[in-house]
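A short write-up of the structure that comes next.
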Amino acid sequence: MKPFSGYWVRNDHPGDVTLHVPPVEATATIARQAGAARADGWNIHIIAHAGGASADATLGVLSSARDGRDLNDELAPPMSPGEGMSLYAYSDVPRSQDYRSSAALRTDGGITWPLDVAKNFVRDRAGDSVTLSFTLAASMPAEERAILIDRRLDRVVNLQEEPEYRFILGERAALFANDDARFVVVVGRDAYVAAQRARMSHAPSGTVLHQNTPNPFNPTTVIRYDLAAPADVTLRIYDIRGALVKSLERGHRPAGRYEIGWNGENEQGERVASGVYFCELRAGTFRETRKMILLK
């Protein structure tokens, strides 16, 4: 045990817990640093950070790992006082380190980890920008694919090509059910990954511009829209006179769900005045406008 470090113990049963600390290490320490190579497996190291808070988790495969909890796994610690975050894979309990047996890759063709982020603070009513950063161990077999699925936005991130993913999150407590997790990490052969992607797909049935939240807002708000089919998209903010205030998105987008924040600034980076504004979505021939109110 290192001096000046914090430690915690999870008690799964009622009653007191007595902790005996031997003077020497009793078992080998499991390597956990980003991209750490293991002779009998590999891992994916993920860091979540928002503002000054951060948390990390390690998901991996080992030939020595067993089903259920073993010494290769670490339970997710409680969030720190003040502004704290927790990043964890959920199995029977939240885990900040979860190694699965490599036998699953051979028999099932892949492995799926439900993944979620807990956060005990919110700096902005509209939600804070959270970044997930990924590091894959060099020992990961070339034939395996690794993706992250954002089940809320029905978005897929190729972890072997995209090192980061950003999303918006307010205050969120830790979850205790696999189906409630926002994200899923899937690793395996092409057929397994494709099957898991299809099973979790919730593609929108129609194109729609949702009402921004919160509304009224000060100074930021989140705008969400759905695309039922690929389209050339523009998302713009106008003032009550019809003058362009801010262009938020412009380009071709595949079918799916999208979200973007507006911080109440115009194209010149200046704060706009309180009042009524309009958000317009154009996607191909589709056009829809929503009324927004900025209050200071």
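The values are calculated or read from the model by the stated rules, or taken from the named source; none is laboratory data. As the structure is a computational prediction, the values presented were derived from the model and not from experiment. Cβ: placed from backbone, ideal geometry, glycine included. Neighbour counts: every protein chain shown.
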Taking region 242-272 and keeping residues without any contact (Cβ under 8 Å) to a residue 12 or more places away in the chain and among the hydrophobic types (A, V, I, L, M, F, W, C) leaves Ala243
The residue that is surrounded by the most Cβ atoms within 10 Å (Cβ to Cβ), considering only those in region 96-105 that are within 18 Å of the chain's Cα centre (by Cα) and farther than 19 Å from Asn120 by Cβ, is Asp98
Considering region 242-296, residues that are polar (S, T, N, Q) and within 30 Å of His202 (Cα to Cα), and then whichever is modelled with the lowest pLDDT, we arrive at Asn263
So, first residue closer than 19 Å to Ala53 by Cα in region 96-125, second residue among the polar types (S, T, N, Q) and in a loop (DSSP other than H, G, I, E, B), Cβ within less than 6 Å, six or more apart or across chains; the pairs are Asp124/Thr220
Among strands (runs of 3 or more DSSP E) entirely inside region 124-187, those with 3 or more residues being out of contact with any Lys or Arg (no Cβ under 6 Å at 6 or more places or on another chain) and closer than 25 Å to Ser101 by Cα are 128-136, 145-150, 155-158
Screening Gly60, Gly41, Gly68, Gly51 for residues that are more than 30 Å from Pro141 (Cα to Cα), small (Gly, Ala, Ser) and modelled with pLDDT of 70 or more leaves only Gly51
Expected single match for part of a strand (DSSP E or B), without any contact (Cβ under 8 Å) to a residue 60 or more places away in the chain, of a type in the set (Lys, Arg) and more than 25 Å from Val157 (Cβ to Cβ) among Arg224, Arg236 is Arg236
Counting only residues in region 40-77 that are among the hydroxyl-bearing types (Ser, Thr, Tyr) and in a strand (DSSP E or B), the one farthest from Leu159 (Cα to Cα) is identified as Ser54
